[in-house]
Amino acid sequence: MNTNMSIPEIVSVNPATKKTIGSVSLTPLDQLPEIFLQAQKAKTYWTHLQRSKRAKILRNVRKKLVAHMDELSELIASETGKTNWEGFLEVFTTVEHLRHMCRFGAEYLEPEARSSGIFQNKKCYINYIPHGVVGVISPWNYPLILTSTPVVEALMAGNTVVLKPSELTPLTGKRMGELFHEAGIPENVLQVVQGLGDVGASIVDNQKIDMICFTGSVEVGRKIALACANKLKPVILELGGKDPMIVLEDANLERAAGAAVWGGFSNSGQTCISTERVYVVEDVADRFINLVKKKTEELSTGPDKTASDIGALINEQQQKRVLDHIKEAVANGAKILSGGKDLSELGGYFIKPTVLEAFDNNSDIMKKETFGPEICIVRVKDEDDAIEKANSSGYGLSASIFTKSKKRGRALAQRTTAGSVCINDVMTNYITADLPFGGVGVSGIGRVHGPEGLRSFCQTQSVLIDRFGLNKEPWWFPMSEGTKKLFKSLTKIIYG
Ligand code: NAD
């Protein structure tokens, strides 16, 4: 952050080159109450707009993002150090989610009939009512998708939004806001504020913000959970992971190894659902490890955004954290099978994709989120051993299982502690817009995506209507002894 100028700025640096690429003005804390007030006022228009009209405007947003696809891919890559292809995949995932929300969002929010149970003279249904103003606080690792998706769901549900992008990727957040506005989202319906954690904390604390959707670390998520508990404010927490992959003896090893390399190293391993731990059954472990090593060694790492497979880490602190995890793992007996090298000589925060073999499931490398281009393989006896180890980290974001038997995969998925499970695939669940996404354990609370995700941005209002308009119900005052007797007899007949 640069505070030497009259208006303090956040400077954005390309982690692959360490060169400054731009800056944004920091939103002063004393301007936030007015921003929140405008968001409250904008509800009058946005909340009452027909669902189909909101979907139509969001369709324009989708088209706008596609029209700016190359510019956005390039900007994302420059701000995060990832490759242009990875930047493009973010845009692709964003527009696929938008397509789904525009197509099905209005339907997911339709009032839903419910049974009136024993009361045949009543009609019951559920309304999905927007919370009001949603504060969206997002991280840097996917600055477009993790920012736009909660924003789109909150808007589709009829909320207005105050968004705070990560201070490490402010330019993508700013550009996203501009494109949303150009596509027809009114200025006060979506407001982008820029700042550090104190701006985020002010959003969480303010009474004019009715709900929070936070994506980020467990550490900050805990603080937000406490602040929201204090205010009894609804909150979605999308937090970190330590995702396991299980490779059984009947797996397609070529596919499993390819998935481990993609799941572990794409986005330089800085994906909440990246594969960090691999449990492979002993019988096939040597063959699997050789395939993973070969595929890893074929990857190119470096600052050429168009030619490299693997880009940079976000900053020096993240690079150091990953290298420290690798060092600690080796000190605790793990073996480096590939990589393990600091590639700072390339001019940015690079690390060679690293494959480790660990012999102790309780070491830090198997417990703490690394968030870098590193996977750690552990040999296991069988599927029971694999599932016990996979479920032992305390995290529960997602997991993957490789087996040729889909029946076995489905059974094992049910025993996996994770919000999402892929069978013979990895990470694609996130792109699949109809599947709800979120964690269990320390990986978070609540869901985004799909009908469940969209409805998380709403209050569930239950409505009961009396159908016949009689002057009184039998249990209202006054109640005759005859009615009491009848009720008791009917209870015995119906429920006894
Ligand atoms: P972070 O928690 O440091 O920051 C996330 C956001 O919170 C930033 O915008 C930051 O400015 C803001 N913030 C910081 N302190 C705050 C406070 N006290 N109150 C309110 N806001 C505050 O996380 P990060 O380093 O940006 O992101 C990496 C983490 O995010 C990893 O742990 C990763 O696993 C997780 N993540 C989770 C998901 C998911 O969907 N579950 C997705 C991506 C990343």
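Where the second residue is in a strand (DSSP E or B) and of a type in the set (Asp, Glu) and the first is under 21 Å from Gly240 (Cα atoms) and within 16 Å of the ligand (Cβ to nearest atom) and lies in region 378-398, which pairs have Cβ atoms under 8 Å and are six or more apart or on separate chains?
Going by the 8 Å Cβ cut-off, the qualifying pairs are Tyr395/Asp243; Leu397/Asp243; Ser398/Asp243.
Based on this model, can you work out whether Val152 counts as more than 14 Å from the chain's Cα centre (by Cα), in contact (Cβ under 8 Å) with a residue 60 or more places away in the chain and surrounded by 24 or more Cβ atoms within 10 Å (Cβ to Cβ)?
Taking the combined requirement at face value, the residue does not satisfy it.
Within region 303-324, which residues are of a type in the set (Ser, Thr, Tyr) and surrounded by fewer than 16 Cβ atoms within 10 Å (Cβ to Cβ)?
Residue satisfying the conditions is Thr306 alone.
Within region 186-207, identify whether any single residue is within 20 Å of Glu96 (Cα to Cα) and not aliphatic (A, V, I, L, M), and answer yes or no.
No: region 186-207 contains no residue that is within 20 Å of Glu96 (Cα to Cα) and not aliphatic (A, V, I, L, M).
Test Asn252 against the stated conditions and say whether it is within 16 Å of the ligand (Cβ to nearest atom), farther than 22 Å from Met366 by Cα, at pLDDT 95 or above and of a type in the set (S, T, N, Q).
So Asn252 does not fit the description; no.
For region 156-184, name all the residues that are in a helix (DSSP H, G or I), closer than 23 Å to Cys102 by Cα and among the aliphatic types (A, V, I, L, M).
Correct list: Met156, Met176, Leu179.
Where in region 38-155 are there strands (runs of 3 or more DSSP E), lying wholly inside it, with at least 3 residues that are hydrophobic (A, V, I, L, M, F, W, C) and within 21 Å of Val192 (Cβ to Cβ)?
Answer list for region 38-155: 133-137.
Just to be sure before I move on: is Val61 crowded, with 24+ Cβ neighbours inside 10 Å, more than 30 Å from Ile351 (Cα to Cα) and within 16 Å of the ligand (Cβ to nearest atom) in the structure I sent?
Answer is no for this residue.
Within region 196-241, which residues are over 17 Å from Leu37 (Cα atoms), surrounded by fewer than 19 Cβ atoms within 10 Å (Cβ to Cβ), of a type in the set (D, E, K, R) and more than 7 Å from the ligand (Cβ to nearest atom)?
Asp198, Arg222, Lys231
Only one residue in Lys327, Lys293, Lys305 is away from the ligand (no atom under 16 Å from the Cβ), more than 26 Å from Ala399 (Cβ to Cβ) and in contact (Cβ under 8 Å) with a residue 12 or more places away in the chain, so which one is that?
Going through Lys327, Lys293, Lys305 in turn, the sole match is Lys305.
Considering only residues of region 357-379 that are assigned to a loop (DSSP other than H, G, I, E, B), of a type in the set (A, V, I, L, M, F, W, C) and touching a helix residue (DSSP H, G or I) at 6+ places or on another chain (Cβ under 9 Å), which is farthest from Thr301 (Cα to Cα)?
The residue in question is Ala358.
Checking the condition among the charged types (D, E, K, R), touching a strand residue (DSSP E or B) at 6+ places or on another chain (Cβ under 8 Å) and within 16 Å of the ligand (Cβ to nearest atom), which residue from Arg410, Arg467, Arg447 passes?
Arg447
Restricting to region 444-496, name every residue that is under 48 Å from the mean Cα position of the chain (by Cα), among the aromatic types (Phe, Trp, Tyr) and more than 30 Å from Gly135 (Cα to Cα).
Of everything in region 444-496, those that are under 48 Å from the mean Cα position of the chain (by Cα), among the aromatic types (Phe, Trp, Tyr) and more than 30 Å from Gly135 (Cα to Cα) turn out to be Phe468, Tyr495.
Output the number of the condition that Arg175 fails; it satisfies all remaining conditions of (1) crowded, with 16+ Cβ neighbours inside 10 Å; (2) basic (Lys, Arg); (3) under 20 Å from the mean Cα position of the chain (by Cα).
(3)
For region 126-139, state whether one or more residues are farther than 22 Å from His48 by Cα and touching an Asp or Glu at 6+ places or on another chain (Cβ under 8 Å).
Taking every residue of region 126-139 in turn, none turns out to be farther than 22 Å from His48 by Cα and touching an Asp or Glu at 6+ places or on another chain (Cβ under 8 Å).
Considering (1) among the small types (Gly, Ala, Ser); (2) farther than 27 Å from Val463 by Cβ; (3) within 16 Å of the ligand (Cβ to nearest atom), say which one Ala154 fails and leave the rest.
Every condition holds for Ala154 apart from (2).
Just a yes or no: is a residue in region 82-94 polar (S, T, N, Q), within 15 Å of Ile185 (Cβ to Cβ) and under 23 Å from the mean Cα position of the chain (by Cα)?
Yes.
Among the listed residues Asn290, Asn267, Asn252, identify the single one that is polar (S, T, N, Q) and on the phi > 0 side of the Ramachandran plot.
Within the list Asn290, Asn267, Asn252, the selection yields Asn267.
Listed residues Ala183, Ala157, Ala201; which is of a type in the set (Gly, Ala, Ser), farther than 21 Å from Lys18 by Cα and free of Cβ contacts under 8 Å to residues at least 60 places away in the same chain?
Criteria check complete, one pass: Ala201.
Thr428 passes all but one of (1) within 30 Å of Pro451 (Cβ to Cβ); (2) at pLDDT below 95; which number fails?
So Thr428 meets the others, but not (2).
Residues that are within 17 Å of the chain's Cα centre (by Cα), surrounded by 24 or more Cβ atoms within 10 Å (Cβ to Cβ) and modelled with pLDDT of 95 or more: does region 286-302 have at least one?
no
The values are calculated or read from the model by the stated rules, or taken from the named source; none is laboratory data. Since the structure is predicted, the reported quantities are computational estimates derived from the model, not experimental observations. Don't worry about glycine lacking a Cβ; one is built from the backbone with ideal geometry, like all the others, and counts go over all protein chains shown.
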